[in-house]
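Take a look at the structure below.
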Amino acid sequence: MRNESPAASTIRIVKRLLLVVVGMFGFGFAMVPLYDVICDITGLNGKTSGRYAEAEPVPVEDRKITVQFMAQNSEGMSWYFEPNDAQVTVSPGEVKVVSYKVRNPNAYAMVGQAIPSVAPNEAAQYLMKLECFCFQEQPLAPGEEVDMAIRFFVDENIPEKITKLTLSYSLFDITDYEISGDEITAR
């Protein structure tokens with residue numbers, strides 16, 4: 001047993017606790033990039049990759065995949081948001097364009113951001129988006145309605161057991177508001 005003064009013991013404990021706090025803080029910052037890497041590699045949580053930038057694929061005509069489309073608003077998002085087509089059938093490698101209809105029913109401008117997810121999880125790595133409204137923020141004026149397109153294909157290396165996948169978007173309100181008197185405007 002050590003014979004140290006209470007002040008020295010307290011200083012040692014405080015140093016250890018500070019080291020633990022710094023370690024926890026660093027671990028918290030490292031979790032987001034680590035999670036992104038794991039999701040990209042494994043398709044975990046249905047997370048899709050970003051924009052596909054390689055050469056356009058060649059369709060495999062002897063196989064068909066059903067792609068279903070879903071839309072949901074996050075809490076606090078008041079826009080009307082739905083796919084124009086509930087599903088399409090594609091051959092792996094076939095480039096397809098579909099769209100979602102979105103309308104801002106409010107009397108003020110808003111900005112939305114769509115986050116994609118694919119089910120089953122293992123199919124996420126095979127859904128390649130060439131163009132997608134989810135790549136950028138979507139500002140809408142009061143009452144404005146637009147069709148937002150996705151240009152995609154299903155990779156020809158998708159496992160044979162996957163015959164159907166679902167592409168779902170969650171729409172989030174990311175508007176930065178400025179309030180003056182009774183008027184609300186997007187900055």
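Every number in this text was worked out from the coordinates using simple rules, so none of it is lab data. Being a predicted model, the structure only gives us computed values, none of them experimental. Positions of Cβ are generated from backbone atoms using ideal geometry, with glycine treated the same way; all protein chains shown enter the neighbour counts.
Quick look at the numbers
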item: About the Cα centre, charge dipole magnitude for region 47-180 (Lys/Arg +1, Asp/Glu -1 at Cβ), debye; result: 300
item: Using a Förster distance of 25 Å, the FRET efficiency for residue 160-residue 115 (Cβ separation, nearest 0.05); result: 0.30
item: R0 of 30 Å, Cβ-Cβ distance residue 137-residue 63: FRET efficiency to nearest 0.05; result: 0.25
item: HN-Hα J in Hz across region 86-103 - Karplus 6.51, -1.76, 1.60, θ = phi - 60°, x for Gly and Pro; result: 5, 6, 9, 10, 10, 8, x, x, 7, 7, 10, 10, 10, 9, 10, 9, 9, 9
item: Amide H contacts of residue 94 (H built 1.01 Å from N, under 5 Å, at least 5 apart or other chain); result: 60, 154
item: Cross-link partners of residue 164 among lysines (Cα-Cα below 20 Å; sequence separation of 8 or more within a chain); result: 47, 64, 96, 129
item: Residue-wise HN-Hα coupling along region 114-119, computed from phi with Karplus coefficients 6.51, -1.76, 1.60 (Hz; x: Gly, Pro); result: 9, 10, x, 8, 10, 10
item: Highest average packing first - 164-171, 139-146, Cβ atoms within 10 Å; result: 164-171, 139-146
item: Shape metrics for region 47-180, restricted to C-alpha atoms - Rg then Dmax, Å; result: 16.0, 60
